[in-house]
Amino acid sequence: MKQHELIRAALAGEATLVIKNAKVVNVFTGEILPGDVALYEDTIIGVGNYRCEQEIDAGGAYLCPGFIDGHVHIESSMVIPESFARVIMPHGTTTIIADPHEIANVAGAAGFRAMYKLTDDLPLRVLFMMPSCVPSTPFEHSGAELVAEDMEQFLRKSRVLGLGEVMDYVSTVNCSREMMDKLRLFEGRPIDGHAPLLSGRELNAYRVAGPSTDHECSNFEEVLEKLRTGMRILIRVGSAANGIEELLQKIVKAGLPTDNMFFCTDDKHLENIRAEGHINCIAALAVRCGIKPVEAVRMASYNAARAYGLRNIGAIAPGYKGDMVLFEDLKDFKVLQVFTRFGQPYDPNFTMAMPILPPAVYNSVRINPISPADLRLAAKEVMPVIGLVEGQLMTRHLERKVGRDGAGYFLPDETYSKLAVIERHHKRGCIGLGIVEGLHIKNGAIASTVAHDSHNLVIAGDNDRDMCMAAEALAECGGGFCVVSQGIVLARLPLPIGGLMTDAPVDDVLARQQALLSAAASIGCSGQSDPLVTLSFLALPVIPEIRLTDEGLFDVTNMRFIQ
């Protein structure tokens, strides 16, 4: 559409759609103004008194800018972006800032291209940050690498905003050449941070390097220090990141301005989104904690848009795009109607053709046949053990007396399970072996190709036969999750796209997830934590205290492998 068409339409008041009788939330002045909102195609041309052929009566409900998730990994939902959009859009989220570092760790630039293709024609506006840490650490084998040269080809993509979360703060403050190349490439663009508890001069150095946001703040003092450095703070409420109420209450009590704060989920399970909501439930939580309603709307929309330099979304005003949401009130943020980036009411029955994806994202489980002999773990009387902490991703570095067979190999039982991480991208043959306390597996094994962040094949079990069968079952279907017991695959969720996602309907995915959890419980995996989620983080060598990668047992506290 040409600009002169919009100018003429605005002058003449000639709209293609008018939303009448709304309480319009103005994020610039903080006012709530009664009136109509006029659109010409996908763009707002005025707020006031308008008529046209296509009208929608808001009935006095509150009309807000469409909500924005400031940081999310679509792949963690296990479904393709189309399915993800169908779950979040009914809750008023019309834009997401996605960091596809999960699939990039599997398939590199081809994985990024796949996600871009999968989001081209969605009613959801999907904008991207380029993954900065692929691989995330040098202590494991990922499926690919993304260096600055690989990223350059995406700089001109209209939906690529900047550089994704810079998790490797050590390389950043130590000015590693590779990290400096990436930061220079995105100079002048948004650069996301990821710096939990970073403080003092190290934080200053990190800010000087370029990162300007952080979604990892866990306490008020950390928020305050980072705000003082000019960082923007993302208030995160996902499935594994809750308990943010105290932080919000302290922000209110201190009277901190929220101009540089906005909301994100990072990772939130589909069933939780369906039950609780998405960004709208964070806005509701903020209001309950004392944030003023219009301020909460700003944090859910305009503040995020401003952080990423998005000049035409996040507000209801002339020249802004028509993605908006109609709420029953500004307390619970119950959604009545959603208007998409096309300036039209959201249609839950929208259709989208599945694009042809690069071959690299399929058949990503490439392993040699695994035999019980490959999983034998020589054991001393006392062995290092990964101790699970109920309800947390943290682990404990334990020393335990464990069972051994007559040949001196580790003998699992209901207390101590065997853990294996198998490189699954390039048939390197690397297998890390260890022991984990707290899964309580009896007569079986659980396995996953979702293993943050390099996404190798991770298996836990009490016998080598079932562990080998689990590896075979996931290689056969292109990756996913499975539970095996006594030579039988009890449940399996295939994730053939990168071993991370499926194009199966959401209801089917949730049903298979429930079957997996039931099967896991039948072999002893029970408790408050989801054992499959727990398993998927046991190979991530950046969360203390001890992890297992395909290269071996890793002491995160001291950043070294355990011999």
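Consider residue 380 against the criteria (1) touching a strand residue (DSSP E or B) at 6+ places or on another chain (Cβ under 9 Å); (2) at pLDDT 95 or above; (3) of a type in the set (Lys, Arg): it satisfies all of them except one. Which criterion is unmet?
(2)
Which of the residues that make up the range 367-376 are part of a loop (DSSP other than H, G, I, E, B), surrounded by fewer than 19 Cβ atoms within 10 Å (Cβ to Cβ) and modelled with pLDDT of 95 or more?
Across the range 367-376, the qualifying residues are 371, 376.
Take the residues in the range 215-234 that are within 13 Å of residue 304 (Cα to Cα) and modelled with pLDDT of 95 or more; name whichever of them is nearest to the chain's Cα centre (by Cα).
In this case the residue turns out to be 234.
Identify all residues within the range 304-334 that are in contact with an Asp or Glu (Cβ under 7 Å, 6 or more places away or on another chain) and without any contact (Cβ under 8 Å) to a residue 60 or more places away in the chain; write none if there are none.
Hit for the range 304-334 is 334, nothing else.
Could you go through the range 274-289 and let me know if any residue there is out of contact with any helix residue (DSSP H, G or I) (no Cβ under 8 Å at 6 or more places or on another chain) and more than 25 Å from residue 60 (Cβ to Cβ).
yes
If you go through the range 397-413 one residue at a time, do you hit one that is within 20 Å of residue 500 (Cα to Cα) and either in contact (Cβ under 8 Å) with a residue 40 or more places away in the chain or of a type in the set (A, V, I, L, M, F, W, C) (or both)?
no
Which of the numbered conditions does residue 221 fail, given that it passes all the others? Conditions: (1) surrounded by fewer than 20 Cβ atoms within 10 Å (Cβ to Cβ); (2) out of contact with any Lys or Arg (no Cβ under 8 Å at 6 or more places or on another chain); (3) closer than 21 Å to residue 301 by Cα; (4) not basic (Lys, Arg).
All conditions are met except number (3).
For every residue, the table says whether it meets (1) under 28 Å from residue 106 (Cα atoms); (2) under 31 Å from the mean Cα position of the chain (by Cα).
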{"site": "333", "(1), (2)": "no, yes"}
{"site": "343", "(1), (2)": "no, yes"}
{"site": "355", "(1), (2)": "yes, yes"}
{"site": "360", "(1), (2)": "yes, yes"}
{"site": "366", "(1), (2)": "yes, yes"}
{"site": "372", "(1), (2)": "yes, no"}
{"site": "402", "(1), (2)": "no, no"}
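Picking from 314, 255, 230, 243, which residue would you name as being crowded, with 20+ Cβ neighbours inside 10 Å, on the phi > 0 side of the Ramachandran plot and not aliphatic (A, V, I, L, M)?
314
Here's a check for you: in the range 66-113, which residue that is hydroxyl-bearing (Ser, Thr, Tyr) and within 26 Å of residue 311 (Cα to Cα) is surrounded by the fewest Cβ atoms within 10 Å (Cβ to Cβ)?
Ranking the candidates gives 95 first.
Taking the options 136, 132, name whichever one is touching a residue at least 24 places away in the same chain (Cβ under 8 Å), over 22 Å from residue 96 (Cα atoms), part of a loop (DSSP other than H, G, I, E, B) and of a type in the set (Gly, Ala, Ser).
136
For (1) within 23 Å of residue 517 (Cβ to Cβ); (2) not in a loop (DSSP other than H, G, I, E, B), each residue gets a yes or a no:
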| residue | (1), (2) |
| --- | --- |
| 385 | no, yes |
| 396 | no, yes |
| 406 | no, no |
| 418 | yes, yes |
| 425 | no, no |
| 435 | no, yes |
| 443 | yes, no |
| 447 | yes, yes |
| 459 | yes, yes |
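May I ask you to list pairs of residues, at least six apart or on different chains, whose Cβ atoms are under 8 Å apart, with the first in the range 335-361 being over 30 Å from residue 283 (Cβ atoms) and the second being part of a loop (DSSP other than H, G, I, E, B) and of a type in the set (Gly, Ala, Ser)?
As it stands, the answer is 361/498, since those pairs meet every condition given.
How many residues does the range 300-333 hold that are assigned to a helix (DSSP H, G or I) and either within 22 Å of residue 346 (Cβ to Cβ) or of a type in the set (Lys, Arg) (or both)?
Of all residues in the range 300-333, those assigned to a helix (DSSP H, G or I) come to 300, 302-307.
Applying the additional criterion that residues be either within 22 Å of residue 346 (Cβ to Cβ) or of a type in the set (Lys, Arg) (or both) yields 300, 302, 304-306.
Adding up the residues that qualify gives 5.
The values are calculated or read from the model by the stated rules, or taken from the named source; none is laboratory data. Only a predicted model underlies this, so the values are computations on that prediction, with no experimental measurement involved. No Cβ is skipped: glycine too gets one built from the backbone with ideal geometry, and neighbour counts run over all protein chains shown.
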